[in-house]
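Encoded as structure tokens, the structure appears first; notes follow it.
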Amino acid sequence: MNLFDNALLSQLRNFFQCEYIIPVGSGTAGLYLALKYYGVEGKHVMVPSLACPNICVAVMAAGGIPLIVDVSSLDGNISTNAVKSRIDASVKAIIAVDSFGYPADLKTLKEIASPYGCKVIDDACQAYGGSINGERVGCLGDMGVISFGYSKPIALQGGGLLIVPNKNALNGILELMRTNSNSPVSLFKNWLSLNLSLSSKYGLFKFLTNHGLLNYNFPEILKQKLHMTWQLFEQDLPAVKSNLKKAREIISTLNDIDTFDYIDGDWLPWRYSFMITSGETQDRFLRLSKKLHIKSSRLYKPLNIVSNKFLFRNPYPTSPSKNIFDSIFNLRYATTRNSTNQLIEKIKSFRKFW
């Protein structure tokens, strides 16, 4: 297995305060391995209606059936009330996405899930670096998933971590990785990635494989980069969190813009998210953002909408989360001291014109 060297592994263990950490090809690969380990074949897996479609891809790849449930309008995370009303013996796992950097209510979810023998996976791909009640995000569930993919707190364009609870789970996941990596299909993929040039007709395949999007192992070419980037991430983290709280204070003073009711805690937003319900105000925001060169984006479409058009079908009741999706905007930044300093200055300029 291509595990991390002791120095990097020690850094990660100290940060997350978790003993068993497995490097994986991507956040999606980590979810797949966790679900496969928990045996979700033919069972339902609850996923929040506002989340990356790759979550459902991982569920289906592991043989599970995505069960899309509503999110809370307070924080955009999977609704504990919705989970409680829909869980039964057919539900094998719940994927709790820490949306927008705000930790999902893992404690309540685990209490709901426990009588059914259901596992709760902490998808902290958008939120690692934060904590709640002294515990690091990513370590709050039965397993935790971290991503270093596009636009994540550490954006290497590939790679991830799977945080597991004990040595039995560690050995079980490693065996799954060996089995998958040594399959004829995986061996063929690895051969192609070694023998294709990036300039060839199939160069994109090599790029995707090397960046962990088509395999289960952490991309070898990203290991050293992660080591260096992680040191900067930890070093800048206190300043980044302080800057983002200042940004929130400024945004909360703007008329017609509603911020999420984040806990007064140690959180780290993936992108800074807020809501604008008026179409006229949305247009005004977009025009002013463009004028001031402020990067903003929308969110994934609700999965109950995507499911009717793409990859999979959802036979379950749809969610009202489209109203949230239609109102959400995100400010984009890199998770560094300099980038968030610049964000504050841009928001101050924005306030003058607003």
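Residues in the range 20-40 that are part of a loop (DSSP other than H, G, I, E, B) and modelled with pLDDT under 95: Gly25, Ser26.
Condition check ((1) touching a helix residue (DSSP H, G or I) at 6+ places or on another chain (Cβ under 9 Å); (2) basic (Lys, Arg); (3) not assigned by TED's automatic domain parsing to the domain that holds Trp270) across all residues:
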residue: Gln11; (1), (2), (3): yes, no, yes
residue: Asn14; (1), (2), (3): no, no, yes
residue: Cys18; (1), (2), (3): yes, no, yes
residue: Pro23; (1), (2), (3): yes, no, yes
residue: Gly30; (1), (2), (3): yes, no, yes
residue: Leu35; (1), (2), (3): yes, no, yes
residue: Lys43; (1), (2), (3): no, yes, yes
residue: Asn54; (1), (2), (3): yes, no, yes
residue: Val57; (1), (2), (3): yes, no, yes
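Selection of the range 86-99 for residues being crowded, with 24+ Cβ neighbours inside 10 Å and either part of a helix (DSSP H, G or I) or touching a Pro at 6+ places or on another chain (Cβ under 6 Å) (or both) yields Val97, Ser99.
Of the residues making up the range 49-90, just one is of a type in the set (Lys, Arg) and farther than 13 Å from Thr108 by Cβ, namely Arg86.
Condition check for Ala334 on (1) aliphatic (A, V, I, L, M); (2) at pLDDT below 85; (3) not in a helix (DSSP H, G or I): one failure, at (2). Looking across the range 50-85 at every residue that is among the charged types (D, E, K, R) and under 20 Å from the mean Cα position of the chain (by Cα), the one that is surrounded by the fewest Cβ atoms within 10 Å (Cβ to Cβ) is identified as Asp75.
Residues are listed down the side, and each one gets a yes or a no for (1) surrounded by 21 or more Cβ atoms within 10 Å (Cβ to Cβ); (2) over 14 Å from Leu174 (Cβ atoms); (3) touching a Cys at 6+ places or on another chain (Cβ under 8 Å):
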| residue | (1), (2), (3) |
| --- | --- |
| Phe4 | no, no, no |
| Ser10 | no, yes, no |
| Phe16 | yes, yes, yes |
| Ile22 | yes, no, no |
| Gly27 | yes, yes, yes |
| Glu41 | no, yes, no |
| His44 | yes, yes, no |
| Pro48 | yes, yes, no |
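Condition (residue is loosely packed, with under 13 Cβ neighbours inside 10 Å, modelled with pLDDT of 90 or more and part of a helix (DSSP H, G or I)) applied to the range 186-203: is it met by at least one residue? No - not one qualifying residue is present in the range 186-203.
State whether one or more residues within the range 119-138 are in a helix (DSSP H, G or I) and of a type in the set (D, E, K, R). Within the range 119-138, not a single residue is in a helix (DSSP H, G or I) and of a type in the set (D, E, K, R).
The values are calculated or read from the model by the stated rules, or taken from the named source; none is laboratory data. Remember, it's a predicted structure, so these values are computed and weren't measured experimentally. A quick note on method: Cβ atoms are made from the backbone with ideal geometry, for glycine too, and the neighbour counts reach across all protein chains shown.
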